[in-house]
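**Q** Encoded as structure tokens, here's the structure I'll be asking about.
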Amino acid sequence: MEKKDTCPLCDRSFKKDIQLHHLVPKSQGGKKTIPLHPICHGKVHALFNKKELARRFGTIEALRAYDDIQSFVAWIKDKPPDFIAAPHRTAPKGGKRRR
């Protein structure tokens, strides 16, 4: 069960900045949203395109099981809730967004 006062991706508490993430993108027919820290939301979209999110990563469990997300969560777990990283930490490998 998700706690409403913590980010379901990284389990850190929320401060003031919260973004809603469509587990399945709206363009792919999704309606359900979950709250995420902006940095967590950015990491998800840096790693996956809309079709990948719809086909393979439509649940928080699927996202959390992905190796790069696990590495990100391990890195960010001790950071404060309002932590903002330099862009290179959330950017996709190779510097370009996958499509």
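Throughout, read-outs are computed from the coordinates displayed, never taken from laboratory work. Being a predicted model, the structure only gives us computed values, none of them experimental. Note: ideal-geometry Cβ built from the backbone for every residue, glycine included; neighbour counts use all protein chains shown.
**Q** Please give the peptides 37-43, 18-24, 75-81 ranked by average Cβ packing (other Cβ atoms within 10 Å per residue), highest first, as a rough proxy for protection. Show your work: numbers first, answer last.
**A** Numbers: 37-43: 21.1, 18-24: 16.3, 75-81: 13.3.
By packing density, highest mean first, the sequence is 37-43, 18-24, 75-81.
**Q** Within segment 1-87, report the GluC sites (Glu not before Pro) that DSSP leaves as loop and that have at most 16 other Cβ atoms within 10 Å.
**A** 2
**Q** Follow-up. Give me the one-decimal nm value for the distance between modelled label points at residue 70 and residue 82, 7 Å along each residue's Cα-to-Cβ direction.
**A** Distance between label points: 3.3 nm.
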